[in-house]
Amino acid sequence: MIEDLVQSQRDFFASQQTKIVTYRKQYLKRLRKELVANEDAICDALYIDFKKPKFEVLATETQMVLSELKYIIDHLEFWSKPVKVGATWTNFPSSDWIYSEPYGNVLVIAPWNYPFLLTMSPLIGALAAGNTVVLKPSELTPETSKVIAKIIEKVFPKEYVSVVEGGIPVSQELLTKKWNYIFFTGSSRVGKIVYKSAAEHLTPVTLELSGKNPCIVDATASITLAAKRIVWGKFLNAGQTCIAPDYILVEKTVKDRLVEALKLNIRKFYGDPIEESNDFARITTDSHYNKLKGLLEGENILFGGTCKDAERFIEPTLVDEPGFKNDLMKDEIFGPILPIISYDSEEDIHKYVTQHENPLALYVFSTNKKFQKRIIDKYGFGGGVINDTVMQITNKRLPFGGVGQSGIGGYHGKHSFDLFSHKKAIIRKPNWIDIPIRYAPYNIPIKWVKKIKHLF
Ligand code: NAD
């Protein structure tokens, strides 16, 4: 069945339909209409899946997708045109162009933490560039997966866009097929599996992976504002955000003030008891819940720590100074647990930040411009913000993606269009003149040939 679907998408792509820009736009508009009509159903599905608050679904999933759709629909015609670049003397006379051509059949595999956004956002980019798409949403958010399947089925013919629901075996079967592009969002562990499968067919990939994101607060920072912005970015989606701050490195002299401000803001945001708040989500799966709960054992807890198994509830929790080799500091936490580590010097910061390869995000809270610059320049990471958290994802003009262990490739807005397009180089030459110097027999003096570099 999967083989038939893939073949039907290959045939459809070969029919050249998706090369017509107005055809793509028409479907993107239909998709937008259907998403608007189903916004409540999407919110309900995410609530059933992990009690995600409606505000958060709108702000971090549906409205971001709608905004991306509008931006892409508005610019698509312009982006799709061949771009003229400067010509060289070697081709005189010529006009030189970059054509954006779709790769063909794209596979998108999505995770559970932003299950709607991270399925739809790559879809929009792939369609804008003129590809066909098979979507594999996460099986761990089944209600959202169902709504996505229903919407896609209503808007698109199967040979253009199709949803294949299911878990790891389905994903594995999809990966045995030949694709022209694979876009994967998920863990670095599974990212390596995807990369290996893609290599079998020399298929290009984008891998949106994970990382352990440092959040550095120095003594010059506005502590009140830093605390508010860290609490928001960390506990949004119950900490299950790939670009959430993973741990805080705070200059020792301001640590106590920061901890008090963090506690104050957690209470302000979520009240008391937090499990009764409508604004705080749950952990999505039992296995992830148990892993997070286990991480709290034996830790020095400054705030929170309450866990309720029946609901997979973990209170926003601040952990004091977990050791360098502690389990909390090994892998990405991906939950509402925030280690707070104090530092004396930039060497201390260096020791922690370089313990893990290339985080997906890094945040610096400081008013010292030289310090900000040193940190941004010194470390390799996907993207970040100075004096805030998470907001780098909100500007469509900025590429979103990791580097090294945290991923390959960046997308959003025009970056998505470019990511899903092969850039084809074309030189157009007339026939009225043919400068003969390149042809054999080579009678040009060698000292002249050595000047050719000036003609390229
Ligand atoms: P995951 O890697 O377990 O699963 C992602 C997808 O891969 C799912 O659709 C799943 O069905 C499939 N899959 C799982 N195991 C597979 C296997 N062995 N073979 C083939 N396919 C397989 O990730 P997750 O747990 O769903 O999501 C959480 C992770 O995703 C976190 O590590 C988080 O940091 C990362 N993430 C990254 C970004 C980003 O933009 N960089 C965004 C969100 C989440």
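The values are calculated or read from the model by the stated rules, or taken from the named source; none is laboratory data. Model, not experiment: these values are computed from the prediction. Don't worry about glycine lacking a Cβ; one is built from the backbone with ideal geometry, like all the others, and counts go over all protein chains shown.
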Practice problem: Considering only residues that are closer than 29 Å to Asp344 by Cα and not in a helix (DSSP H, G or I), look in segment 248-299 and name the one that is nearest to the chain's Cα centre (by Cα). | Solution: Ile248
Quiz item: Pick from Lys325, Lys308, Lys351, Lys291: which is within 16 Å of the ligand (Cβ to nearest atom), surrounded by fewer than 17 Cβ atoms within 10 Å (Cβ to Cβ) and not aromatic (Phe, Trp, Tyr)?
Solution: Lys291
Self-check item: Positions within segment 25-76 being of a type in the set (Lys, Arg) and within 20 Å of Asn395 (Cα to Cα), in sequence order
Solution: Arg32, Lys70
Quiz item: Would segment 219-235 turn up any residue that is within 16 Å of the ligand (Cβ to nearest atom), in contact with a strand residue (DSSP E or B) (Cβ under 7 Å, 6 or more places away or on another chain) and either in the same structural domain as Phe334 (by TED's automatic domain parsing) or β-branched (Val, Ile, Thr) (or both)?
Solution: yes
Exercise. Select from segment 176-196 the residues that are more than 6 Å from the ligand (Cβ to nearest atom) and surrounded by 21 or more Cβ atoms within 10 Å (Cβ to Cβ) and list them in ascending order.
Key: Trp179, Tyr181, Ile182, Phe183, Phe184, Gly191, Val194
Self-check item: Only one of Val390, Val403 that is in contact with a helix residue (DSSP H, G or I) (Cβ under 6 Å, 6 or more places away or on another chain), in contact (Cβ under 8 Å) with a residue 40 or more places away in the chain and surrounded by 13 or more Cβ atoms within 10 Å (Cβ to Cβ)
Solution: Val390
Quiz item: If you scan segment 214-271, which residues turn out to be of a type in the set (S, T, N, Q), farther than 27 Å from Lys54 by Cα and surrounded by 20 or more Cβ atoms within 10 Å (Cβ to Cβ)?
Solution: none
Quiz item: Of everything in segment 396-425 that's of a type in the set (Phe, Trp, Tyr) and under 14 Å from the mean Cα position of the chain (by Cα), which residue is nearest to Gly380 (Cα to Cα)?
Solution: Phe400
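Can you list the strands (runs of 3 or more DSSP E) found entirely within segment 306-385 that contain at least 1 residues being among the charged types (D, E, K, R)?
Counting at least 1 such residues, we get 317-320.
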Quiz item: Can you name every residue in segment 58-99 that is in contact with a Gly (Cβ under 8 Å, 6 or more places away or on another chain) and in a strand (DSSP E or B)?
Solution: Asp96
Practice problem: Test Pro115 against the criterion of being within 16 Å of the ligand (Cβ to nearest atom) and surrounded by 24 or more Cβ atoms within 10 Å (Cβ to Cβ), and give yes or no. | Solution: yes
Exercise. Just give me the residues in segment 100-123 being among the polar types (S, T, N, Q) and part of a strand (DSSP E or B), in sequence order.
Key: Ser100, Asn105
Exercise. Considering (1) surrounded by fewer than 16 Cβ atoms within 10 Å (Cβ to Cβ); (2) free of Cβ contacts under 8 Å to residues at least 60 places away in the same chain; (3) within 30 Å of Glu311 (Cα to Cα); (4) not polar (S, T, N, Q), say which one Glu61 fails and leave the rest.
Key: (1)
Practice problem: Could you tell me whether any residue of segment 374-392 is of a type in the set (Asp, Glu) and not assigned by TED's automatic domain parsing to the domain that holds Pro245? | Solution: no
Practice problem: Could you please find all residues in segment 402-423 being within 21 Å of Lys70 (Cα to Cα) and not in a helix (DSSP H, G or I)? | Solution: Gly410, Tyr411, His412, Phe420, Ser421
Quiz item: Conditions: (1) within 30 Å of Thr90 (Cβ to Cβ); (2) assigned to a helix (DSSP H, G or I); (3) of a type in the set (Val, Ile, Thr); (4) touching a residue at least 60 places away in the same chain (Cβ under 8 Å). Ile433 meets all but one. Number of the miss?
Solution: (2)
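Rundown of residues vs (1) within 16 Å of the ligand (Cβ to nearest atom); (2) of a type in the set (Gly, Ala, Ser), yes/no style:
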position: Phe365; (1), (2): no, no
position: Lys370; (1), (2): no, no
position: Ile376; (1), (2): no, no
position: Tyr379; (1), (2): no, no
position: Gly384; (1), (2): yes, yes
position: Ile393; (1), (2): yes, no
position: Lys396; (1), (2): yes, no
Quiz item: Among (1) within 30 Å of Ile427 (Cα to Cα); (2) modelled with pLDDT of 95 or more; (3) not aliphatic (A, V, I, L, M), where does Lys54 come up short?
Solution: (1)
Quiz item: within 30 Å of Gly380 (Cα to Cα), within 21 Å of the chain's Cα centre (by Cα), within 14 Å of the ligand (Cβ to nearest atom) and surrounded by fewer than 21 Cβ atoms within 10 Å (Cβ to Cβ) - does that describe any residue in segment 156-171?
Solution: no
Self-check item: helices (runs of 4 or more DSSP H) contained entirely in segment 128-243, each with at least 3 residues that are closer than 30 Å to His350 by Cβ and not β-branched (Val, Ile, Thr)
Solution: 188-200, 223-235
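So which of Ser100, Ser197 is modelled with pLDDT of 95 or more, among the polar types (S, T, N, Q), touching a helix residue (DSSP H, G or I) at 6+ places or on another chain (Cβ under 7 Å) and under 30 Å from Lys429 (Cβ atoms)? Lay out the reasoning, then the answer.
Details: Ser197 fails: under 30 Å from Lys429 (Cβ atoms).
Exactly one of Ser100, Ser197 is modelled with pLDDT of 95 or more, among the polar types (S, T, N, Q), touching a helix residue (DSSP H, G or I) at 6+ places or on another chain (Cβ under 7 Å) and under 30 Å from Lys429 (Cβ atoms), namely Ser100.
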Quiz item: If the Cβ limit is 8 Å and pairs must be 6+ apart or interchain, which residue in segment 190-205 that is among the polar types (S, T, N, Q) pairs with which residue that is surrounded by fewer than 18 Cβ atoms within 10 Å (Cβ to Cβ)?
Solution: Ser197/Thr176; Thr203/Lys178
